[in-house]
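Data block below; observations after.
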Amino acid sequence: MSETILRVERLRVAYDHPRGVVRAVDDVSFSLRPHERFGLAGESGSGKSTMALAILRMIKRPGRIEGGEVWLGDTALSGLDTDRMRALRLAGIAMVPQGSMNSLNPVVRIRDQIGDALADHGVGLKGRALAERVRDLLAQVGLPPDVARKYPHELSGGMKQRACIAIAICLRPKVIIADEPTSALDVVVQKQVMQTLGRVQQDLGAAIILVGHDMGLMAQFVDRLGIMYAGRLVEVAPIRDIITAPRHPYTRMLIESLPSLEQRGGLRGIPGLAPLLRELPPGCAFHPRCPAATERCRSEKPAVRAMGEDATVACHLA
Amino acid sequence: MSALIDLHDVGKTFAGGKVALEKVSLTLTADQPRFIAVVGESGSGKTTLARLLLGMIAPTTGTVRYQGDDLQRLSAARRRDFRHDVQAVFQDPYEVYNPFYRVDHVLTMPVRKFRLARSRAEGRALIETALRSVGLRPEEILGRYPHQLSGGQRQRIMVARALLLKPKLIVADEPVSMVDASLRATILTSLRRLHEEMGISILYITHDLATAYQVADSIIVLYRAAVAEAGHVERVVKAPLHPYTQLLIGSIPRVSTERDWVGEERPAGRAPSETGCRFADRCPSATEHCLLQTPPLFRVADDHASACFLQRNAPAMTDAQLSSLLA
Ligand SMILES: Nc1ncnc2c1ncn2[C@@H]1O[C@H](COP(=O)(O)OP(=O)(O)OP(=O)(O)O)[C@@H](O)[C@H]1O
Ligand SMILES: Nc1ncnc2c1ncn2[C@@H]1O[C@H](COP(=O)(O)OP(=O)(O)OP(=O)(O)O)[C@@H](O)[C@H]1O
Ligand SMILES: [Mg+2]
Ligand SMILES: [Mg+2]
């Protein structure tokens with residue numbers, strides 16, 4: 001078996017709702033190799049952000065982790081107390097949350113936001129030492145030193161996103177989770193920010209989980225891609241294989257719904273509506289929208305099967 | 001009959017001197033529906049154009065007219081007509097919802113106000129059809145408060161509302177920025193169908209060039225408050241002339257097994273020149289001349305113009321009336 005840095009085992013997360021339980025992450029397993037770039041794509045509301053938060057044990061009520069385990073190297077995260085878990089965030093696994101560039105504190109200078117993040121993790125730096133550390137971090141994400149003195153509103157979207165990356169990497173994490181880091185940016189700036197993120201990841205020797213629904217971005221950036229549908233990880237495969245030979249019908253239809261830049265016409269979404277997470281259909285959750293569904297798909301939930309060393313699929317027909 | 005919407009030399013400078021849009025002329029008529037995409041980097045003036053066209057802000061130069069009347073001086077009755085004829089769908093629609101009303105309110109109110117249905121049941125059926133066409137389950141959405149929905153869901157309700165009203169023009173500012181590819185395709189094809197079947201004009205503002213290419217007929221590229229390039233989508237996307245448009249299209253990450261997404265990690269730091277071309281500081285083809293003079297739109301074909309001196313052999317457009325370029 002190949003080496004892994006992060007292992008997610010049978011993770012389950014639910015949100016308690018007055019009208020029923022929403023199972024947002026349902027029995028998800030995958031593992032990440034050191035230095036690997038792993039993408040997580042799928043339908044809006046399929047549980048991607050929930051899974052990212054659950055890996056860091058940051059699920060808040062009405063949500064709860066129902067079961068499963070996350071391993072960082074040899075450490076099982078569920079066994080850690082609050083303090084050790086907090087120490088592990090940023091230093092072990094760091095997150096750039098969805099919409100984070102808009103949640104920078106508007107009245108605190110960038111330098112002090114980085115200082116606070118460090119202090120939160122027991123690295124209390126002051127004066128010259130802090131200034132130097134901040135300058136290094138900003139340089140790493142391609143920002144000029146004067147950004148340290150600025151407030152978020154004085155920065156462009158791309159610069160704010162870089163500042164968020166600087167905060168995330170301030171303790172040299174082994175795994176970086178970036179949740180839709182560029183979806184609010186235009187394509188030119190998106191490309192610059194992703195190149196920065198990729199270079200930082202290489203400098204740190206970290207692995208990365210990139211959450212998003214831009215398949216072009218995934219194609220250009222990640223090594224392997226996981227596809228989520230209705231809380232389950234329905235397919236994982238090397239990005240090349242996902243693009244050329246997707247195994248799950250949902251993956252195939254998702255790729256077919258991508259707009260071409262070569263030829264006009266034929267734009268079409270997947271027919272039907274996404275299922276209600278609190279009332280999933282029996283069998284495979286995708287069966288009502290699947291053109292190939294059989295009797296078995298309507299009654300029996302497909303298990304996740306390994307397809308070689310680095311791919312899995314949950315479909316009776318694959 | 002006079003045009004549905006007529007922008008004549010419309011520009012906007014905000015208090016404090018920020019020039020958000022410079023002199024745009026664009027005419028939309030009811031008998032010639034158009035599907036126009038507006039693209040460009042963040043801060044280039046796209047939303048400003050939309051807000052001017054909707055009468056939400058007053059232009060500092062030029063006028064915006066609705067069927068011949070200045071949008072800034074409409075009577076109450078004419079304003080009501082305008083609100084029916086021209087619908088907006090915004091990027092983050094949270095502010096248009098009243099947090100104390102269920103989301104049903106934004107759908108039932110226009111049905112009543114514009115008498116779209118003869119009975120409650122008919123109204124309800126109209127609303128449900130509109131919701132389904134944007135991929136929402138009526139039974140899941142109706143009865144909820146705005147904060148109980150995701151951003152993508154709130155966005156789609158606004159699209160459903162626009163569909164419900166069947167206006168003459170829909171101005172959609174990043175209407176699908178928060179949803180996945182399949183849903184994007186579903187929603188945009190329903191807009192396209194409305195355009196084709198009901199003759200509704202659509203102004204689609206977006207960062208997503210690939211969907212713009214798929215659903216729009218014409219495209220306007222804004223760069224730092226001015227039109228850099230405009231014309232038929234096939235020409236602008238397949239054979240972009242302005243170096244900024246080329247950079248934009250070259251930056252789109254492609255869904256392919258080839259990793260060809262390389263290039264600049266950081267933009268050039270120099271400030272744009274006051275007098276010359278706004279793109280000169282980043283342009284690989286800039287010459288001395290580009291720093292001295294602002295290029296007008298050069299019309300290289302009936303349906304294609306670019307504001308770049310590389311095209312200086314083509315005739316310059318004196319009136320800069322974009323409509324003449326658009327399909
Ligand atoms: N705080 C919450 N309370 C109740 N339900 C929630 C909460 N947060 C998320 N959910 C539900 O859990 C499901 C998964 O949400 P999640 O945000 O993980 O999706 P996502 O895949 O990240 O979607 P997107 O692509 O839109 O960001 C959704 O159905 C959502 O409505
Ligand atoms: N009310 C305002 N007062 C001052 N400046 C403003 C105001 N509204 C917009 N601006 C400025 O005008 C310029 C154009 O803004 P606009 O919102 O039109 O850009 P945009 O192209 O829609 O960008 P995005 O892609 O980020 O939505 C920006 O520099 C912006 O900061
Ligand atoms: Mg999310
Ligand atoms: Mg805008």
- Task: Identify, from the list B:L21, B:L7, the residue that is away from every other protein chain (no Cβ under 14 Å), assigned to a strand (DSSP E or B), near ligand 2 (Cβ under 8 Å from one of its atoms) and touching a Pro at 6+ places or on another chain (Cβ under 9 Å).
- Result: B:L21
- Item | Single condition A:A14 does not satisfy, out of (1) within 11 Å of ligand 1 (Cβ to nearest atom); (2) surrounded by fewer than 21 Cβ atoms within 10 Å (Cβ to Cβ) | (2)
- Within segment B:135-170, track down each residue that is touching a Phe, Trp or Tyr at 6+ places or on another chain (Cβ under 9 Å) and within 14 Å of B:I200 (Cα to Cα). B:L165, B:I170
- Task: Please work out which residue is farthest from ligand 4 (Cβ to nearest atom), limiting yourself to segment B:48-69 and to residues that are under 20 Å from B:A30 (Cβ atoms) and open to solvent by 30 Å² or more (accessible area, probe 1.4 Å).
- Result: B:G68
- Item | Selection status of A:A274, more than 12 Å from chain B (Cβ to nearest Cβ) and outside any helix (DSSP H, G or I) | no
- Query: From the list A:G63, A:G42, A:G68, which residue is within 14 Å of chain B (Cβ to nearest Cβ) and within 16 Å of ligand 1 (Cβ to nearest atom)?
  - Reply: A:G42
- Task: Evaluate the following for B:V159: is it out of contact with any His (no Cβ under 9 Å at 6 or more places or on another chain), in the same structural domain as B:L107 (by TED's automatic domain parsing) and β-branched (V, I, T)?
- Result: yes
- Task: Within segment B:162-179, track down each residue that is more than 8 Å from chain A (Cβ to nearest Cβ) and open to solvent by 20 Å² or more (accessible area, probe 1.4 Å).
- Result: B:K166, B:K168
- Message: Testing A:E69 on (1) more than 18 Å from the chain's Cα centre (by Cα); (2) open to solvent by less than 50 Å² (accessible area, probe 1.4 Å); (3) more than 16 Å from ligand 3 (Cβ to nearest atom); (4) not aromatic (F, W, Y), one condition comes back false. Which one is that?
- Response: (1)
- Item | Members of segment B:130-178 that are within 16 Å of ligand 3 (Cβ to nearest atom) and touching a Lys or Arg at 6+ places or on another chain (Cβ under 7 Å) | B:V176
- Query: Would you pick out the residues in segment A:39-64 that are at positive phi and open to solvent by less than 20 Å² (accessible area, probe 1.4 Å)?
  - Reply: A:G42, A:G47
- Note on the structure: Among residues of segment B:24-53 being in a strand (DSSP E or B) and more than 14 Å from chain A (Cβ to nearest Cβ), the residue nearest to ligand 1 (Cβ to nearest atom) is B:I36
- Message: Considering only residues that are within 16 Å of ligand 3 (Cβ to nearest atom), open to solvent by 10 Å² or more (accessible area, probe 1.4 Å) and not small (G, A, S), which ones fall in segment B:180-229?
- Response: B:L183, B:R184
- Task: Answer yes or no as to whether B:D319 is modelled with pLDDT under 90 and part of a helix (DSSP H, G or I).
- Result: no
- Message: Looking at the structure I just gave you, is B:P240 modelled with pLDDT of 90 or more, within 13 Å of chain A (Cβ to nearest Cβ) and more than 23 Å from B:Q311 (Cα to Cα)?
- Response: no
- Message: Residues that are hydroxyl-bearing (S, T, Y), at least 2 per element: which helices (runs of 4 or more DSSP H) completely within segment B:179-261 meet that?
- Response: B:181-198, B:209-215, B:243-250
- Task: Kindly indicate whether any position in segment B:79-96 is polar (S, T, N, Q) and open to solvent by less than 50 Å² (accessible area, probe 1.4 Å).
- Result: yes
- Query: In the list B:A125, B:A121, B:A181, B:A162, which residue meets the criterion of being of a type outside the set (F, W, Y) and touching a residue at least 12 places away in the same chain (Cβ under 8 Å)?
  - Reply: B:A162
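Per-residue answers, yes or no, for (1) more than 10 Å from every other protein chain (Cβ to nearest Cβ); (2) open to solvent by less than 10 Å² (accessible area, probe 1.4 Å); (3) over 16 Å from A:N102 (Cβ atoms); (4) away from ligand 3 (no atom under 16 Å from the Cβ):
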position	(1), (2), (3), (4)
A:A148	yes, no, yes, yes
A:G157	no, no, no, yes
A:C164	yes, no, no, no
A:K174	yes, no, yes, yes
A:D179	yes, yes, no, no
A:A184	no, no, no, no
A:Q192	no, yes, yes, yes
- Item | Test for A:V188: is it within 16 Å of ligand 4 (Cβ to nearest atom), within 30 Å of B:P243 (Cβ to Cβ), crowded, with 19+ Cβ neighbours inside 10 Å and within 14 Å of chain B (Cβ to nearest Cβ) | yes
- Task: Those residues that are buried (at least 21 other Cβ atoms within 10 Å of the Cβ) and in a loop (DSSP other than H, G, I, E, B), I need them from segment A:277-289; list them, please.
- Result: A:C284, A:A285, A:F286
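Output yes when any residue across segment A:129-138 is touching a Gly at 6+ places or on another chain (Cβ under 6 Å), modelled with pLDDT of 90 or more and either open to solvent by 10 Å² or more (accessible area, probe 1.4 Å) or closer than 16 Å to A:V8 by Cβ (or both), and no when none is.
yes
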- Task: Could you check, for segment A:79-95, whether at least one of its residues is within 18 Å of the chain's Cα centre (by Cα), within 16 Å of ligand 2 (Cβ to nearest atom) and not small (G, A, S)?
- Result: no
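The values are calculated or read from the model by the stated rules, or taken from the named source; none is laboratory data. These figures come from a predicted structure and were not determined experimentally. For neighbour counting, all protein chains shown are included, and Cβ atoms are generated from backbone atoms with ideal geometry for every residue, glycine included. Ligands, DNA and RNA are excluded from the accessible area calculation, which covers all protein heavy atoms including side chains. Shrake-Rupley method; radii C 1.70, N 1.55, O 1.52, S 1.80 Å.
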